[in-house]
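Let me begin by presenting the structure, written as structure tokens, before commenting on it.
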Amino acid sequence: MRWWQCKQCHELVEDQMEVCGRCGRLRGTKLKETGPVVHSFRSGVYEHIAEEPIYIKNRKQLVDECNARGVRSWQMN
């Protein structure tokens with residue numbers, strides 16, 4: 001099965017669907033067809049997002065914290 005990822009909400013959507021089920025946006029960037037599609041996220045303390053280290057529980061929190069501070073994490077990809 002192939003998947004694509006919505007550019008707006010980052011939801012994974014099956015290849016047959018034309019619209020994102022979460023936000024309604026039309027097709028986004030396709031993900032790789034080979035290898036695992038879903039990767040586990042390791043929670044922990046991130047030191048370089050803000051002046052003080054922040055404990056990040058999940059990928060959405062990482063994206064929100066980075067967007068709030070105008071920075072980007074290599075784990076957001």
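The values are calculated or read from the model by the stated rules, or taken from the named source; none is laboratory data. No experiment lies behind these values; they were computed from the predicted model shown. All Cβ positions, glycine included, derive from the backbone under ideal geometry; neighbour counts span all protein chains shown.
Below are the figures for this structure:
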quantity: Pair list, Cβ under 6 Å, 6 or more apart: segment 51-65 residue surrounded by fewer than 15 Cβ atoms within 10 Å (Cβ to Cβ), other residue at pLDDT below 90; calculated: Pro53/Glu47; Lys57/Ser43; Asn58/Phe41
quantity: Filtered residue count, segment 23-42, keeping only those that are within 14 Å of the chain's Cα centre (by Cα) and modelled with pLDDT of 75 or more; calculated: 2
quantity: Residues that are modelled with pLDDT of 65 or more, out of contact with any Ser or Thr (no Cβ under 7 Å at 6 or more places or on another chain) and closer than 16 Å to Cys9 by Cβ, drawn from segment 59-77; calculated: Arg59, Lys60, Gln61, Val63, Asp64, Asn67
